[in-house]
Amino acid sequence: MTDANPVNRRVTNRKAADIALTCRIPAQPVSARLRDLTERGCRIELATAGPTVGSSVVIEPFNGDRIVGQVRWAESKTIGVRFDRRLRSNTATFLGLEKEPAVQLTVGSSGGDEPDGDKAHHWLRRFGKRPV
């Protein structure tokens with residue numbers, strides 16, 4: 001593989017995205033749109049001309065997290081960023097890379113003081129029958 005077309009160089013499949021965020025390159029805030037991503041990197045379209053290869057980038061999605069990485073390639077206002085570490089699970093979920101984990105509810109022993117089924121019985125008794 002050559003570096004002639006860095007946009008198409010892939011180690012893993014990327015998920016398409018269209019998410020507004022702020023980038024700090026290296027410290028100057030820039031409006032940007034996340035166009036695709038994996039757990040280890042992304043492609044970002046900047047509002048202004050992009051930085052040089054090797055520049056540090058801090059990506060700030062609107063969930064309060066900070067993703068640190070480095071510009072691996074730049075073409076006009078589009079840059080490829082490799083993250084310094086894998087995305088945290090909650091950030092990957094927020095950005096649409098992972099599905100939100102399903103929550104399984106069970107009625108039964110809670111490991112507490114109440115015998116099996118008493119917790120559900122308590123809530124049904126409390127909210128199911130209201131005094132008239």
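Add +1 for every Lys or Arg and -1 for every Asp or Glu among the other residues with Cβ under 13 Å from the Cβ of A49, and state the total.
So the environment of A49 carries a net charge of -1.
Remind me, what semi-axes does the stretch 6-94 give for its equivalent ellipsoid, largest first in whole Å, using sqrt of 5 times each Cα gyration tensor eigenvalue?
Taking √(5λ) for each eigenvalue gives 17, 15, 12 Å, largest first.
Excluding A32 itself, what net charge comes from residues whose Cβ is under 11 Å from its Cβ, given Lys and Arg +1 and Asp and Glu -1?
Combined, the nearby Lys, Arg, Asp and Glu give +3.
Residue separation times 0.36 nm, minus the C-alpha to C-alpha distance between S55 and N13: what's the value?
Taking S55 through N13 to full extension adds about 12.7 nm, to one decimal.
We did not get these values from a lab; they are worked out from the coordinates using the rules stated. Remember, predicted model here, so these are calculated numbers, not experimental data. Note that we place each Cβ from the backbone using ideal geometry, even for glycine, and neighbour counts take in every protein chain shown.
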